[in-house]
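A quick write-up on the structure given underneath.
Just so you know, all these numbers are worked out from the coordinates, no wet-lab data involved. If you're wondering where the values come from, they're calculated on a predicted model, not measured in any experiment. In this analysis, Cβ positions are derived from the backbone assuming ideal geometry, glycine residues included, and neighbour counts consider all displayed protein chains.
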Amino acid sequence: MKLLFRILITAVSAIIAAYILPGVHLADFSTAIIVAFVLAVLNSILKPILVVLTIPVTVFTFGLFLLAINAGIIMLADYFVSGFDVNGFWNALLFSIVLSIISSLLGIDNTR
């Protein structure tokens, strides 16, 4: 039940972030739910592997490279989900930041 709640909050956050940012487009709410699910899967499987593999770069950049990893995961979700379009790396980076802020305001912690 907790996972379903987190996916719904992330979907709502994605819709709000796509509305705010001009370079991000979501087709409808069902696409937002699929995006939230794909992001949950990518964040639970791929992100830990990428974080471990990029420890030297992350330490050298004082953790800012984690933002690039988040943007890459957003762009990967764009590749997998039709109806979700992100126009470039910088829009993905902004979407990642805005999505995190909105999700935390709505009551979930996406850092886990």
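Things worth noting here:
- Count - residues of the stretch 23-45 that are without any contact (Cβ under 8 Å) to a residue 40 or more places away in the chain, closer than 16 Å to Ser96 by Cα and not aliphatic (A, V, I, L, M): 2
- The set of residues from the stretch 61-88 being more than 16 Å from His25 (Cβ to Cβ) and either among the β-branched types (Val, Ile, Thr) or in a helix (DSSP H, G or I) (or both) comprises Thr61, Phe65, Leu66, Leu67, Ala68, Ile69, Asn70, Ala71, Gly72, Ile73, Leu76.
Residue by residue, here is whether (1) of a type in the set (A, V, I, L, M, F, W, C); (2) over 22 Å from Gly88 (Cα atoms); (3) surrounded by fewer than 18 Cβ atoms within 10 Å (Cβ to Cβ); (4) more than 14 Å from the chain's Cα centre (by Cα) holds:
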site: Ala36; (1), (2), (3), (4): yes, no, no, no
site: Leu46; (1), (2), (3), (4): yes, no, yes, no
site: Val52; (1), (2), (3), (4): yes, yes, yes, yes
site: Ala71; (1), (2), (3), (4): yes, no, no, no
site: Ile74; (1), (2), (3), (4): yes, no, no, no
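- Some residue of the stretch 10-27 being aromatic (Phe, Trp, Tyr), at positive phi and either assigned to a helix (DSSP H, G or I) or out of contact with any strand residue (DSSP E or B) (no Cβ under 9 Å at 6 or more places or on another chain) (or both): no
- Flag for Ser103 being in contact (Cβ under 8 Å) with a residue 12 or more places away in the chain, among the polar types (S, T, N, Q) and more than 18 Å from Leu8 (Cβ to Cβ): no
- Filtering the stretch 76-90 to residues that are in contact (Cβ under 8 Å) with a residue 24 or more places away in the chain and crowded, with 20+ Cβ neighbours inside 10 Å leaves Ala77, Phe84, Val86.
- Meets criteria (crowded, with 17+ Cβ neighbours inside 10 Å and either of a type in the set (Val, Ile, Thr) or farther than 22 Å from Tyr19 by Cα (or both)) for Val59: no
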